[in-house]
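These notes are about the structure you will find just below.
The values are calculated or read from the model by the stated rules, or taken from the named source; none is laboratory data. Everything quoted here is computed from the prediction, not taken from an experiment. A quick note on method: Cβ atoms are made from the backbone with ideal geometry, for glycine too, and the neighbour counts reach across all protein chains shown.
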Amino acid sequence: MKKLLLLGIIATLVVACGHQEQKGNIKLLKEMFSEMVVQKDASLIPKYYHEDFLLYANGQLMNYKKYLEFHEAIYQTPIQYQIAYDEETLIEQGNKVAGRVWITTSRPNESPQKIEVILIAKYKDGKIYRLWELTYPDWSKLPAFE
């Protein structure tokens with residue numbers, strides 16, 4: 001009986017620890033959005049993105065170098081970002097996070113543009129290693145990103 005009780009406690013701890021660990025990459029993703037994107041701080045890209053990072057967005061591919069250069073340039077503009085999460089869709093399995101977020105961009109003298117993003121992020125060494133995303137509208141075709 002004691003062995004069975006002990007096994008039950010161990011199993012509960014393993015599940016609880018695994019549950020906490022699963023939340024780690026979701027926490028990192030949210031931290032990246034709030035610290036890097038909303039604050040427009042491209043210097044944090046090495047903190048959140050693996051050096052071998054690849055972005056697959058709306059059928060286009062962007063590597064780490066291009067991603068860094070793009071964000072260094074766009075963050076110098078007056079664009080502002082707001083992030084909202086569809087908490088019910090955020091899931092984590094192993095080293096991957098999937099979910100839906102809305103990124104609202106705004107620039108002076110323009111109406112805010114709400115972009116729906118469906119994403120899968122794969123982590124390696126605690127950083128985003130691969131990111132697959134579909135956005136509506138396609139962010140790359142918006143005037144703010146030309």
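Overview of results
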| item | result |
| --- | --- |
| Residue in region 57-64 that is assigned to a strand (DSSP E or B) and surrounded by 16 or more Cβ atoms within 10 Å (Cβ to Cβ) present | yes |
| Candidates ILE115, ILE79, filtered to the one that is in contact with a Pro (Cβ under 8 Å, 6 or more places away or on another chain), among the β-branched types (Val, Ile, Thr), surrounded by 15 or more Cβ atoms within 10 Å (Cβ to Cβ) and in contact (Cβ under 8 Å) with a residue 12 or more places away in the chain | ILE115 |
| Qualifying residue in region 40-48 (condition: within 17 Å of the chain's Cα centre (by Cα), in a strand (DSSP E or B), surrounded by fewer than 15 Cβ atoms within 10 Å (Cβ to Cβ) and of a type in the set (Asp, Glu)) | no |
| Filtered residues of region 50-104 (kept if under 20 Å from ASP138 (Cβ atoms), among the β-branched types (Val, Ile, Thr) and either modelled with pLDDT under 95 or in contact with a helix residue (DSSP H, G or I) (Cβ under 9 Å, 6 or more places away or on another chain) (or both)) | ILE74, THR77, ILE79, ILE83, VAL101, ILE103 |
| Lone qualifier among LYS30, LYS23, LYS96 - being under 17 Å from ARG130 (Cβ atoms) and touching a residue at least 40 places away in the same chain (Cβ under 8 Å) | LYS96 |
| Test result for GLU88, assigned to a helix (DSSP H, G or I), surrounded by fewer than 17 Cβ atoms within 10 Å (Cβ to Cβ) and not hydroxyl-bearing (Ser, Thr, Tyr) | yes |
| Residues that are buried (at least 16 other Cβ atoms within 10 Å of the Cβ) and in a loop (DSSP other than H, G, I, E, B), drawn from region 25-39 | none |
| Tally, over region 103-142, of residues that are part of a loop (DSSP other than H, G, I, E, B) and within 16 Å of the chain's Cα centre (by Cα) | 2 |
